[in-house]
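Beneath this line is the structure, given in structure tokens, with notes to follow.
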Amino acid sequence: MKILMIGSGGREHALIKKLLESPKCTKLYCAPGNGGISRDAELVNIGVMDKENMVKFAKDNAIDLVFVAPDDPLADGMVDAMQEAGIRAFGPNANAAIIEASKVFSKNLMKKYGIPTAKYEVFNDAQKAIDYIKNENTTPVVVKADGLALGKGVIIAQSVDEAIEAVKEIMEDKKFGDSGNNIVIEEFLTGPEVSVLAFTDSKCVKPMVSSKDHKRAFDNDEGLNTGGMGTISPNPYYTDEIAKECMDTIFIPTIEAMNKEGRPFKGCLYFGLMITPNGPKVIEYNARFGDPEAQVVLPRLKTDLVDICEAVIDEKLSDLDIEWDNGAAACVVMASGGYPVSYKKGIEMFGLNDNGGVDGAIVYHAGTKYENGKFYTNGGRVLGVTATADTLDEALEKAYAAVGKISFEGAHYRHDIGKTK
């Protein structure tokens, strides 16, 4: 089976490594990919939003399965384009990917179908939003751009002034472009955060093992929000009791709600949850694998990922028994100095072998390039250094030992992954 992966980051590298474990996978392409991915897949120089040329490549090369990983091409209808061309593709159609692409849609969906989430209001006028913030006078408060914003369109304002400034940045200054034409202002929830990815074929939902993401740039959960500085799996706060409550009140109702709206969701649905004093609530949905959550969840998957993809596409997921490793996994992200604001690219990296990793760890490449036998940085989040073990402490020890073998100028990583609330 020939497979085409669409995407270029650490999430895609994790998926590629898992797909390559399948005896069904005979050839794997990635468009556009990165330096580390080039050691595992054949790179194809096509942009992730180029539907016409992506479909042409899939046809010309008799691709059997296309895996669309990033949010933008999903929202833009890449899966739809593949299906119209008669090509099997894993991921939601555009009309279902809206669950991530529009926060206004997802919040209204939850309100309509009684899915627990934070109280909120939607605005398309900056002054009305500012007036609302002043009248409520409750902080912290969360201000969200409606559309996709590379995971950075959410601002937690600690004061009324900060909230007003956030509204102006998003709606007037267009910090996130047209994604900020509408905004959501919602209450600030407290409690442990949990990430749960789930496979679904629109009829059946099968949650994956839980994980915990560390978003802040610096130790002790300080600094700016990032795309993720590290992850652990399982999440210690996600008990069997909470898992059952989430299945009954969130996971199944979400799939059923999408069906009722005429937007059946097939693919991987990400549930960003908070375990509040009043029970689990949805913070956000993603229409695809999270990054770096995928980098700790996928190493624990024992079932053939190709089999799962085919079962989702054929709506036969209920027939498949998905098995997971009972141990633990930890991922430490190595980022460029200055991330998430500004950083250099093209810095030579040391300690990686020709396969792009180090012994005793799985190294997922997020922002690298490979030239003349050497690896160089090519992004903010550069590597996701992952290890598995019987216990979380052992996995963390192995991951940090591997991080210690890798070096590049300005390398930055957190030292407390798995240790903070």
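Under 37 °C and 0.692 mPa s, how fast does region 212-315 diffuse according to Stokes-Einstein, given a Kirkwood radius computed over C-alpha pairs? Answer in µm²/s, whole number. Please list the in-between numbers first.
Working: Rh = 15.6 Å.
Estimated diffusion coefficient is 210 µm²/s.
Express the carbon and sulfur contribution to the solvent-accessible surface of region 163-298 as a percent, rounded to the nearest whole number, probe 1.4 angstrom.
48
Quick check for you: with a 1.4 Å probe and neighbouring chains kept, what is the accessible area per residue of region 39-82, in Å²? Intermediate values should be presented prior to the final figure.
Values: 1870 Å² over 44 residues.
Counting only protein heavy atoms, the per-residue value for region 39-82 is 43 Å².
Students sometimes get this wrong: rank 310, 121, 409, 222 by accessible area, probe 1.4 Å, all chains present, largest first. Mind dumping the intermediate values first?
Working: 310 45, 121 80, 409 130, 222 105 Å².
These residues rank, largest area first, as 409, 222, 121, 310.
With r defined as the distance between the Cβ atoms of residue 190 and residue 245 and R0 fixed at 22 Å, what FRET efficiency is calculated, to the nearest 0.05?
0.80
Accessible area per residue of region 106-238 at 1.4 Å probe, in Å²? Numbers along the way, then the final one.
Details: 5950 Å² over 133 residues.
Here the per-residue accessible area is 45 Å².
With the contact rule set at Cα under 8 Å and sequence spacing of 6 or more, what percent relative contact order holds for the chain?
On the way: 986 pairs, mean separation 72.0, N = 421.
Reported relative contact order: 17 percent.
Please give the contour-minus-distance gain from residue 53 to residue 314: 0.36 nm per residue of separation, less the Cα-Cα distance, rounded to one decimal in nm.
Stretched fully, the residue 53-residue 314 segment lengthens by 91.4 nm.
Determine the per residue accessible area of region 267-412 with all protein chains present and a 1.4 angstrom probe, expressed in square angstrom.
For region 267-412, the solvent-accessible area averages 38 Å² per residue.
Give me the extension gain from residue 326 to residue 394: residue separation times 0.36 nm, minus the current Cα-Cα distance, reported in nm with one decimal. Before the final figure, lay out each step's value.
Values: separation 68, 0.36 × 68 = 24.48 nm, distance 1.37 nm.
The span from residue 326 to residue 394 would gain 23.1 nm if fully extended.
If you stretched the chain out fully between residue 172 and residue 39, how much longer would it get, using 0.36 nm times the residue separation minus the C-alpha to C-alpha distance?
Taking residue 172 through residue 39 to full extension adds about 43.5 nm, to one decimal.
Using a Gaussian network model of the chain with C-alpha springs under 10 Å, which one of 403, 358, 79 is most mobile by mean-square fluctuation?
Fluctuation is largest for 358.
What's the local net charge at residue 102, with K and R +1, D and E -1, over the other residues with C-beta under 12 Å away?
Charge balance near residue 102 sits at -1.
Compute the Cα gyration tensor for region 105-215, then decide on rounded, prolate or oblate, letting a ≥ b ≥ c be the square roots of its eigenvalues: rounded whenever a/c is under 1.5, prolate when a/b is larger than b/c in the other cases, and oblate in all that remain.
Since a/c reaches 1.5 and a/b is larger than b/c, the shape of region 105-215 is classed as prolate.
In nanometres, what is the gap between the two model label sites at residue 27 and residue 105, each 7 Å from Cα along Cα-to-Cβ?
3.5
Modelling each spin label as a point 7 Å along the Cα-to-Cβ direction, I'd like the residue 135/residue 409 distance in nm, to one decimal.
Between residue 135 and residue 409, the label points sit 5.5 nm apart.
Looking at the square roots a ≥ b ≥ c of the eigenvalues of the Cα gyration tensor of region 55-157, which shape do they give, rounded for a/c under 1.5, prolate if a/b is larger than b/c, or oblate?
Cα axes put region 55-157 in the prolate bin.
Which loop-located chymotrypsin sites (Phe, Trp or Tyr not before Pro) does region 138-240 contain, where loop means any DSSP state but H, G, I, E or B and the Cβ has at most 15 other Cβ atoms within 10 Å?
Passing both the DSSP loop test and the Cβ count: 188.
Using alpha-carbon positions, what is the distance between the centroids of region 300-328 and region 373-421, in Å?
28
Set the Förster radius R0 to 45 Å, insert the Cβ-Cβ distance between residue 62 and residue 256 as r into 1/(1 + (r/R0)^6), and round the FRET efficiency to 0.05.
The computed FRET efficiency comes out at 0.75.
Rounded if a/c is under 1.5, else prolate if a/b is larger than b/c, else oblate: which is the chain, with a ≥ b ≥ c the root eigenvalues of its Cα gyration tensor?
In terms of gyration-tensor shape, rounded.
For region 154-247, calculate the relative contact order in percent as a whole number, restricting contacts to Cα pairs under 8 Å that are 6 or more residues apart.
16
Give me the percent relative contact order of region 359-421, please, defined on Cα pairs under 8 angstrom at least 6 residues apart.
28
One quarter of the convex hull surface, Cα atoms only: what value does that give for region 125-184 in nm²?
3.4
The values are calculated or read from the model by the stated rules, or taken from the named source; none is laboratory data. This one's a predicted model, so the numbers in the text were calculated from it and none came from an experiment. Note: ideal-geometry Cβ built from the backbone for every residue, glycine included; neighbour counts use all protein chains shown. Side chains included, ligands, DNA and RNA excluded: accessible areas come from the protein's heavy atoms. Shrake-Rupley method; radii C 1.70, N 1.55, O 1.52, S 1.80 Å.
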